Amino acid sequence: MCMIQLSGIYILTNCPSRRCKDGKKNFCIKESIMAIATHLGPWLLGTVKNTTGTTAGTVRNTGATIVAQTGTIGAAGTTTIGYLPAGALITSVQLITTTLFDAGTVTIRVAGTAITSAFTLPTSNFGPTAITAATTTGAAALYNNVGTTDVAVTAVVATAASGAGTVVIGYMVRNADGTYQPTAFTA
């Protein structure tokens with residue numbers, strides 16, 4: 001059987017009229033289907049799973065992946081952006097402006113606590129902009145670990161009558177206790 005590696009998921013059907021170089025029957029793509037996969041818990045990537053020495057290539061180098069959730073905002077009001085899993089470590093908050101705002105600010109909250117300062121909404125520039133983290137102990141604690149239960153992320157827009165954008169919150173998926181590596185691997 002001839003195979004060509006293609007991205008996505010495909011349903012293959014036998015094509016008797018086509019032959020591979022080795023004379024075997026080829027398979028035709030009948031239908032391309034997009035797929036979504038769900039992975040629970042930290043997804044560790046790296047080349048060394050267990051430490052077996054003290055030099056590069058022998059020390060565990062796996063790390064958790066960073067993912068994101070998005071939600072759209074508009075005129076004044078509170079919008080739920082999404083829900084972060086327990087133990088998540090927040091890495092970034094951005095606003096992608098798609099329609100310029102007339103005025104106003106946005107504050108991002110996690111579990112009801114502001115994690116960003118009131119960010120002035122863009123009135124003249126489109127595109128992505130980083131939203132500055134609040135400099136409070138409560139915000140710092142939530143950036144470091146959202147807690148032992150899932151939490152809501154909300155955007156509070158004040159005094160904007162028009163405009164639109166997408167809030168992107170990046171985070172590292174970790175265990176509910178904030179760890180991302182098990183203390184011991186099992187077979």
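The values are calculated or read from the model by the stated rules, or taken from the named source; none is laboratory data. Computed from a prediction, not measured in an experiment: that's the story for all the values here. Glycine also receives a Cβ, built like all others from the backbone with ideal geometry; neighbour counts cover every protein chain displayed.
See the values below:
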item	result
Test result for residue 167, in a strand (DSSP E or B), within 17 Å of the chain's Cα centre (by Cα) and under 17 Å from residue 89 (Cβ atoms)	no
Cβ-Cβ under 6 Å pairs, at least 6 apart or on other chains, segment 78-102 side buried (at least 20 other Cβ atoms within 10 Å of the Cβ), far side of a type in the set (D, E, K, R)	87/174
Sole residue being assigned by TED's automatic domain parsing to the domain that holds residue 163, charged (D, E, K, R) and surrounded by 14 or more Cβ atoms within 10 Å (Cβ to Cβ), chosen from 60, 109	109
Residues of segment 81-118 satisfying the condition of being part of a strand (DSSP E or B) and among the charged types (D, E, K, R)	109
